[in-house]
Amino acid sequence: MSTGFDDSDELLAAYLAESGEADLGGGEAAGRVWEDGREVGEWTVTGFLARGGNAEVYCAKHRRLGTRAALKVLWRDGAGPRERFERETRFLMENRMPSFPAFHGAGEESGRPWMAMELLDECPLPETDADVARYLLEVGAGVAALHARGWLHRDVKPGNILCRADGHAVLADFGLLKAVGTGDAVETAASERESPSVVDGREAGVGTPGHSAPEQFTGAGATPAADVYALGMLAEECFGGKPPRAWEKIIRRATAALPRQRYPDVEPLLRAIRHRHRARNAAWAVAAAALAVALGAWLWSGGREKAPQGLIPAPEIPEASALRETTTAWEAPETAEVSEADAPSADEERRKQLQEALEAAVAYWENEETQSLMQTLRWGGGM
């Protein structure tokens, strides 16, 4: 199907269709609100992108500046959908942050509210540990910013996360925003009763089944822990349901069935993600310290031809043979006495050799985190 928009627009359309937010074919078949060439405020509609449950999205071009934007217009009638659309518009207008799509303007055309916002790309799910951590920290920063301003998102899922050209993840689609601390019974009077989610053919709560917290579908009411649950499910999906060991405990707690068993808010979850390797780092630190003590005792005792069994794993540490040859220069002559003037020089030489031995061990392990830990054990740094 040709829609007359370029590749970047097709990416956004694909994202909307994949997320369940829109149906490209069904949207046009159902009748578009606007046709190509329609002038809306300072924008000209250049292509149809998608239709969602309450709104349609178009590609538009600013007539004076020539910039491109995503133009969103409410097509569904009713007090609830209109209330949600206007809430989303006000939020983006009042909260211009890197974590959210840029807001370009809003208005009303033929009785239907619309808003123009940043045109973004589809954001594929990352897979590696570092990429997943960066992705979740960027998305989590947006959710934390929402909470700090007194709002819940209630629909954090892959389809509602877009990317800028530099790869930065952006939280999008604020149609299900809800004020923190307001009871669901208050809101269902209009908006939630008119556009609920559907599970097995029945209306059931608000959110996306499989991504949103269980309490959003049981009438128990959403809290910040609901968005924590969604972030945990996002991490689970990034790893295809098989997260690495460093992530297992984090995801299990974030997606606990009961809200009180989860992280109480987003910030503790983000700290856990940043420190996910802390236990492993601690183990490496203990191992490094034990090696330092063992090598220190060995070298200060005058050195031996062969290291004690088990101290250094096979194969032999690179350059270890050179170190053994050097140790013969440390042994004092059997009949000669070392003068006090020479003693400081000998001590310094031994310290230097110990440092080289430690660095050789680190290079053998080939572990970047261990290397950073071993730097704190350098003899010349105040140890």
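Structure summary
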| quantity | calculated |
| --- | --- |
| Residue match in region 103-120 (condition: of a type in the set (D, E, K, R), assigned to a helix (DSSP H, G or I) and either out of contact with any Ser or Thr (no Cβ under 9 Å at 6 or more places or on another chain) or assigned by TED's automatic domain parsing to the domain that holds L74 (or both)) | no |
| Residue check for G219: under 17 Å from the mean Cα position of the chain (by Cα) and either without any contact (Cβ under 8 Å) to a residue 60 or more places away in the chain or outside any loop (DSSP other than H, G, I, E, B) (or both) | no |
| Looking only at region 152-195, and only at residues there that are basic (K, R) and at pLDDT 55 or above, the one that is surrounded by the fewest Cβ atoms within 10 Å (Cβ to Cβ) | R164 |
| When residues of region 227-247 are limited to those that are at pLDDT below 95 and part of a helix (DSSP H, G or I), the one surrounded by the fewest Cβ atoms within 10 Å (Cβ to Cβ) | R245 |
| Hits in region 71-116 - residues which are of a type in the set (D, E) and crowded, with 18+ Cβ neighbours inside 10 Å | E88 |
| The listed residue being of a type in the set (S, T, Y), outside any loop (DSSP other than H, G, I, E, B) and at pLDDT below 50, out of S8, S2 | S8 |
| Selection status of A69, touching a strand residue (DSSP E or B) at 6+ places or on another chain (Cβ under 7 Å), in contact (Cβ under 8 Å) with a residue 40 or more places away in the chain, small (G, A, S) and not in a helix (DSSP H, G or I) | yes |
| Unmet requirement for T208, which otherwise passes all of (1) within 19 Å of the chain's Cα centre (by Cα); (2) surrounded by 16 or more Cβ atoms within 10 Å (Cβ to Cβ); (3) closer than 21 Å to H147 by Cβ | (1) |
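The values are calculated or read from the model by the stated rules, or taken from the named source; none is laboratory data. These numbers were taken from a predicted model, which means no experiment stands behind them. Cβ coordinates were reconstructed from backbone atoms using ideal geometry, including for glycine residues, and neighbour counts include every protein chain displayed.
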